[in-house]
Every structure is written in structure tokens, then in C-alpha cells.
1. Whole-Hz Karplus ³J(HN,Hα) for region 404-421, in order, using 6.51 cos²θ - 1.76 cosθ + 1.60 and θ = phi - 60°, x for Gly and Pro?
2. Once you charge only the Cβ atoms, +1 for Lys and Arg and -1 for Asp and Glu, what is the size of the charge dipole of the chain about its Cα centre, to the nearest 20 debye?
3. Any idea what the relative contact order of the chain is, in percent, if you count C-alpha pairs under 8 Å spaced at least 6 apart?
4. Straight-line reach from Lys85: which lysines have Cα under 26 Å away, leaving out those fewer than 8 places along the same chain?
5. Under unit Cβ charges (Lys, Arg +1; Asp, Glu -1), what dipole magnitude, rounded to 20 debye, does region 172-323 have relative to its Cα centre?
6. Tell me which residues come under 5 Å, amide H to amide H, from Phe215 once H is placed; ignore anything under 5 positions away on its chain.
7. For region 218-306, what does the alpha-carbon gyration tensor say about shape, rounded, prolate or oblate, given a ≥ b ≥ c as the root eigenvalues, a/c under 1.5 as rounded, and a/b over b/c as prolate?
8. Once both labels are modelled 7 Å past Cα along the beta-carbon direction, what's the Gln163-Asp437 spacing in nm?
Amino acid sequence: MSIPQSGGGPIEHHSQLAGYLESGCKPQEDWRIGTEHEKFGYCRDTLAPIPFEGERSILAVLEGLRDGHGWAPIEEAGKLIGLEKDGANVSLEPGGQLELSGAPLETIHETCDEVNAHLRDVKDIADKVGVGFIGLGAAPQWTHDQMPMMPKGRYKLMDAYMQKVGTMGQAMMRRTCTVQVNLDFSSEADMVKKLRVALALQPVATALFANSPFFEGQPNGHKSWRSRVWRDLDADRTGMLPFVFEDGFGFEAYAEYALDVPMYFVYRDGEYIDALGMSFRDFLKGELPALPGEKPTLSDWADHLTTIFPEARIKKFMEMRGADGGPWRRLCALPAFWVGIMYDQSSLDAAWDLVKGWDASTREAMRIAASESALDARVDHIHMHNLAREVLDISEAGLRARARSGAGGLVPDETHFLNALRESVDSGMVPADELLDRYHGEWNGDLDRIYPEYSY
């Protein structure tokens, strides 16, 4: 989850809210790729989740990255809770999941090099302190009570609120992991088409990257339990955003939607002030109960936008949020999948042609079916396996058209980063299917086997 935003002055006019979003528009030559991924840490001898502090802990890993690999510290209330270097951040999810928020880079080659370097550095430190890290969409065995809570004021507030607005918010915070990519748009019209395509095709990403078939030690009946968790978290700030597909949608409509999402907090002088359930509209009028008489800044608006969790969202860029965390190869495949669709106009147009006839009920049904059945999902006449193959072809064509070479020109484009997804489409097997096969087969129901065989 996001770190506090900064750099925004007072909000003096309502138009600044949509203007903040619109200020993210960039010419195509300035478009970048930002990859984020989360992973679970565990003690190698006990397979228990690692705590925040201690000899084998999240803190030990952060300190090792700081002292041994040149990362600068980020602190809150005197505690080390993150790191930064070269435009990237390492941060903590509520249950101690370690997240890399990558720098904005030009090619998938660069973002994959960044992912690889990060995982090598993390493994170096993890090996020294006796912990491991694994990429899955949901914690396969751990219970709520086993999971630590990281010492971040934002999370303390969210944790208490989650049980008032849904049943799975605390599970999302402590026991899920994702991989996502952040991409740019050139104009309002470009943003609109990209966000519509992103929302409509997010279930395809959920299906291809489904990697959370276990929860609390047994199969849970879903290929992506992480996706199931997000469906019962907080209806005010999650979902498929049907209004995005209405005529006239643009930055202003998204700002109006965001204004109606209840607040979590206001960040002041290093502290998170409780504004749970309060209205940003009241804040604009100086009537926020948490800060009576005070009006918000653009930094407050930027912070508020980070507390909205639909399947795809916009800030000054767009975030694709539908995929489970997973194995090493798929951390590079996710940005490749979306870049191929979004950063080539012909591919974007082809993707829109695929989905423009779907209605809101179809898109929601696709979301549910993808979490349950991955590539075996069927909604009306749509078979997810066939759809995924077609979308993957569109993405591959887009990457080929981009023709961004790597390895000093030896690799002509970025299409090989899709190989893991192509294998899934060819076989019909996503990571969750492989895990279930092993669980019911050679593992003989012993889920402990997942750690040595699937850790980074």
C-alpha cells in the first residue's frame, strides 16, 4: 500500500480535483512502466510468518537491504518501515508482506532486471537471517491470529474499520499478495479507453495469474482466493466501477466517485489522524470532524485516492490490480501483458472491440467466475480460455509493434516475457491448477511442501 503523498498545496477550487488526475497526462514518448509485487516472508525452520522485529524478522530484512545493498531508510514514529533507492521503494503491507514498488522504467527488459535484482538482494539477506519468501496470492496456511500487524498508523486505523464494512478486509490486509503494473495515459480520451479495457479485462488477468487455491491449510474452492477476498471487503471502494462505461465519463466523473468514498485518515506531521468514514466533501468545506475548520491540500487528495481499491484505478497514472502474486517469471509477465495491450494503439483498439459490447452484469460475472475457475470459467457465450488466448495474441502483437529491444539489441522485442502465459493458454493450466495437482498428487495433502518448492 502507498506511502504518504506530498507536494500538493491548498485546494482552492473544485476543479483542482479532476485537474490533479489530468496532470498525469503524458506524451507517448514519456510513458513509463512501474511494476509492484508483494511476497510473504516465513521462518525456514518453523514455516511460521515472520514478525516485525527480532533476529528473524521483517526489520532484519529491511536493515540488511539498507546496510548491505544501499537502500535509504524510510521511518515512521522512529521505526524503519520502508526503503528507497533509484526511484523505487520497498514497503510493508499490513501483515508484513514485503513489497517492491518499482521505479518508472521505459521497457519490460528494464523492469524485469529491476525485479530480478530486488529478488536476488532479498534472497541474499533472507538466507543470512534464516527466512524465506514465497509468491502466492494468499497465505496458504496461516490464520489471522498468526499474522503480525506492521507498525504503521495507516494500518492500525484500517484494521479496526474493515470489520465494520465487510467480512474479509482483515484477511486482505494480512494474508493476500498481488502483482500489479502502473501505466500512463496521454489524454482524457486515452485514459477513458484504457480504464474501460483495464476493468473489462481484469478478470482475464485474474484467471491467468490465479495462484491462491489454499487458505488456512486446505483447498478453498477458488483458483484465486485473493480475488474472492476483494469481493467482500468494502463495497464503497472496491469493484468493477460500472459508471466508467457510461457516456461522458472522464476525470471529473472519477473525481466525483472518489469524493463519495469514505475517508480513512488525514496525514499531518508524521501522524495519521482518524477520519474513518468521514466525507472528503465535508473536508473541502472545512467541516471535517477530525480537523474542524481546516481545508484539504492536494496531498490530502492524493492520499485519499490511495484508499480506493477497485480492480483498476487512476491517480496520475493507471493501476492494474487484478492479479495474484506469483512465481518469478510471472512478475515480469504481468507488466508485459498489460503493456502489450495498452501501449500500442492498434492493440488497445482491438481489446476495446472485444469488450465494448459487454454490460455491467457480464463484467461482474466474469470477475466472479475468474476467481472460482480461472481459465475454465464460462459466462454466457464467453469461455475464459478462448478469451485469454485472444487477449494474449493482442498483447503479443502490441509488444512486437513496440519493438523495444533488450540485451544490447540481441532480443528484438518484449514478447518473450509472455512465455509463461502462453504456456498456460496452451496447457489450460494456471499456477493454481499446478498447485492443486501437486497437493492431491505427489504432496499427498502435505501443504508444507509448498515452501521449499515454490519460494524465491
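Only the coordinates and a few stated rules stand behind these numbers; no lab work does. Everything numeric here is computed off the predicted structure, so don't read it as measured data. Glycine gets a Cβ as well: all are built from the backbone with ideal geometry, and neighbour counts include every protein chain shown.
1. 8, 7, x, 6, x, x, 6, 9, x, 7, 9, 5, 5, 5, 8, 4, 4, 6
2. For this selection, approximately 340 debye.
3. Working: 910 pairs, mean separation 94.4, N = 456.
Computed over the chain, the figure is 21 percent.
4. Qualifying lysines at Cα under 26 Å: Lys26, Lys39, Lys123, Lys128, Lys152, Lys315, Lys316.
5. On the way: 18 positive and 22 negative charges, 151 e Å.
Taking the Cα centre of region 172-323 as origin, the dipole is about 720 debye.
6. Counting only residues 5 or more places away or on other chains, the set is Asn220.
7. Numbers: a/c = 2.90, a/b = 1.49, b/c = 1.94.
Oblate, since a/c reaches 1.5 and b/c is not below a/b.
8. With each label placed 7 Å out from Cα toward Cβ, I get 4.1 nm.
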